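Trainee: Right, I'll just put the structure down here and ask away after.
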Amino acid sequence: MTGEGFMGPPWQMDWTLKAQTARDVLPERVRKMIDAVRAEMVTAADPYFRGIDADAHLPDDMKVRPVRSSDPKGSRLFFFDHGHGWLRYTFVRRVEDPQIIVEEIFWQ
């Protein structure tokens, strides 16, 4: 825990069975891209990438956007491979065990 009582990066990450299954059937090069996305997410100071240009430090082929702009604490879409793929996730901020939960993965 940090001095403020909250844990910080690296964050824990979990996958729904649906998301894990979708990831496992993708080509190896795409799984490697997803691993790079995972690395960005678990080390981010704010896994929701809130604020103006909060995702500016991400590689050029990655962007994060809220699923609904009216829900600032809701699901996010993390786009990768220049928008050819994305994963939907939520961040559960708890004092003792905050974690990112990947709910869905898509790539074409």
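The values are calculated or read from the model by the stated rules, or taken from the named source; none is laboratory data. Just so it is clear, the structure is predicted and the values come from calculations on it, not from any experiment. Reconstructed Cβ throughout: ideal geometry from the backbone, glycine too, with neighbour counts over all protein chains shown. The area values use the complete protein model at the heavy-atom level, side chains included, leaving out ligands, DNA and RNA. Shrake-Rupley method; radii C 1.70, N 1.55, O 1.52, S 1.80 Å.
Trainee: Are any residues in the stretch 34-49 in contact with a Phe, Trp or Tyr (Cβ under 9 Å, 6 or more places away or on another chain), free of Cβ contacts under 8 Å to residues at least 60 places away in the same chain and not charged (D, E, K, R), and if so, which ones?
Mentor: Residues satisfying the conditions are ALA36, VAL37, MET41, VAL42, THR43, ALA44, PRO47, TYR48, PHE49.
Trainee: Another question, then. Under 6 Å by Cβ, and 6 or more places apart or on different chains, what pairs join a residue from the stretch 13-33 that is in a helix (DSSP H, G or I) with one that is of a type in the set (Ser, Thr, Tyr) and modelled with pLDDT under 95?
Mentor: none
Trainee: Exactly one condition in (1) charged (D, E, K, R); (2) open to solvent by less than 90 Å² (accessible area, probe 1.4 Å); (3) free of Cβ contacts under 8 Å to residues at least 40 places away in the same chain is not met by ASP60; state its number.
Mentor: All conditions are met except number (2).
Trainee: Could you tell me which numbered condition PRO59 fails, if it satisfies all but one of (1) assigned to a helix (DSSP H, G or I); (2) over 21 Å from ARG94 (Cβ atoms); (3) modelled with pLDDT under 95; (4) not β-branched (Val, Ile, Thr)?
Mentor: Going through the list (1) assigned to a helix (DSSP H, G or I); (2) over 21 Å from ARG94 (Cβ atoms); (3) modelled with pLDDT under 95; (4) not β-branched (Val, Ile, Thr), PRO59 breaks only (1).
Trainee: With respect to HIS82, determine if the residue is open to solvent by 50 Å² or more (accessible area, probe 1.4 Å), outside any strand (DSSP E or B) and either farther than 15 Å from TRP107 by Cβ or of a type in the set (Asp, Glu) (or both).
Mentor: no
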